[in-house]
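What follows is a short report on a single structure.
Taken together, the values in this text are just the output of simple stated rules run on the coordinates, not laboratory data. Just so you know, these numbers come straight off a predicted model, no measurement behind them. Reconstructed Cβ throughout: ideal geometry from the backbone, glycine too, with neighbour counts over all protein chains shown.
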Amino acid sequence: MDIVLVRLLFVALLAGVCSFLHPFGMTGWVGAGVGAGAAGAVIVFELRVRALSLRRLIGAVAGSVLGIFGAALFCLVLRSALAPGATSAVIQIFVLLLMTYVGLLVGASKGDLLNPAALGSVFTSDRPTRRSVKVLDTSVIIDGRIADIAEAGFIDGMMVVPEFVLRELQTVADSTDSSKRQRGRRGLDMLQRMQSSTNIQVQIVSDDFPSIREVDLKLLELAKKWEAKVVTNDFNLNKVAHLHHVEVLNINDLANALKPVVLPGEKMNVLILKEGKEYNQGVGYLDDGTMVVVDHARKLIGKPVEISVTSVLQTASGKMIFGKLDENGKSGEAGRPGPVE
């Protein structure tokens, strides 16, 4: 909002100056309009320059300087070849604008080939650091697995937690619903655990976007600003981030990738916990929470059985394993069952 006020003040100031000084013999209102138009052109140019990467900006500046230098040399030749007058002045101005324009465009287009690191630490202290930043959302903090993953060294760089995420966590922790209150307090405990760990860098940032109300959209804008990745296990935020071209690290995707590979025909032990949706089916869970559906196991609820895997189905929420009792139908030793959905 502050920068918008500065731009409006700049437009009003330039319009007032042109209206008061009457440049090129223009009347007050015409001069004010020309001044406002010139200020608008400057603001558009400023917006375009801000969107450029550092390499392109360096390339554009270098190209412009070289273009102006080349135009100055060329104009020295023209002065000696042409008689002084309006024609010579117009040609020199044309050459100056042409060389500057060409240098600007060519330098900007070739700027990606530059290596700012060779120019010193001024250009290297910001960008690489920001590329290693991870922005944490509320769901992944409450989930808590990010702390174990970071302590194991599988995620490097700085973990950034914006203050609007902290406010959302505090709101959940202060909820009248006992379930939400427990989840919010778990998230605050996990965040405190990460801050106290010597292997994890956690930084609380005050960056906010008052014009945006949704926390998810604020996270995406912060990730764009910091050129960072968003760490989440929210399915909808994952989809929206891809639409905004923001890189995402999904904890659920990582968990699914680390699940053991199960092939049809393999034997495994599972504890039947409940009935299945289809007739005579029993349902159990592996240690990692993978659902196992067993045919003809409805009467074996509460018993460990040995099954033979018949197929594996990959769904959006994870894997589902289908199996059948072994030939003898005998119970086997089962590991500790995973969490029941």
3J(HN,Hα) from dihedral phi, the range 225-238, Karplus parametrisation 6.51/-1.76/1.60, rounded to Hz, x for glycine, proline: 5, 8, 6, 10, 9, 9, 9, 8, 10, 8, 5, 5, 4, 4
Label Phe74 and Val4 with points 7 Å out from Cα along Cα→Cβ: what is the distance between them in nm? 4.3 nm
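What is the antiparallel percent of DSSP beta bridges lying wholly in the chain, to the nearest 5?
On the way: 21 of 39 bridges.
If we restrict to bridges inside the chain, about 55 percent are antiparallel.
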Please go through the range 139-237 and write out the GluC sites (Glu not before Pro) that DSSP classes as loop and that have at most 12 other C-beta atoms within 10 Å. Glu214
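For Arg193 and Val17 in one chain, what is 0.36 nm times their gap in residues minus the Cα-Cα distance, to one decimal in nm?
Working it through step by step, the gained length comes to 57.5 nm.
What ranking of Tyr285, Tyr279, Tyr101 emerges when the number of other C-beta atoms within 10 Å of each C-beta is taken as an exposure proxy, fewest first? Numbers along the way, then the final one.
Details: Tyr285 21, Tyr279 9, Tyr101 13.
Placing the least packed residue first, the sequence is Tyr279, Tyr101, Tyr285.
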Per-residue counts of other Cβ atoms within 10 Å, averaged by peptide: what ranking do you get for 34-46, 290-302, highest first? 290-302, 34-46
Work out, in µm²/s and without decimals, the Stokes-Einstein translational diffusion coefficient of the chain at 20 °C, 1.002 mPa s, Rh from Kirkwood over C-alpha pairs. 81 µm²/s
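Could you list Ile91, Ile321 so that the one with the fewest beta carbons within 10 Å of its beta carbon is first and the one with the most is last? It would help to have the intermediate numbers written out before the result.
Values: Ile91 15, Ile321 23.
Fewest to most other Cβ atoms nearby, the residues stand as Ile91, Ile321.
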Peptides 18-25, 258-265, 307-314 ordered by average Cβ neighbours within 10 Å, highest first: 307-314, 18-25, 258-265
Using θ = phi - 60° and the Karplus form 6.51 cos²θ - 1.76 cosθ + 1.60, what ³J(HN,Hα) does each residue of the range 91-100 get, whole Hz, x for Gly and Pro? 5, 5, 5, 4, 4, 4, 5, 4, 5, 5
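Could you tell me what fraction of 2.2 N^0.38 Å the Cα radius of gyration of the range 259-325 comes to, as a two-decimal ratio?
0.99
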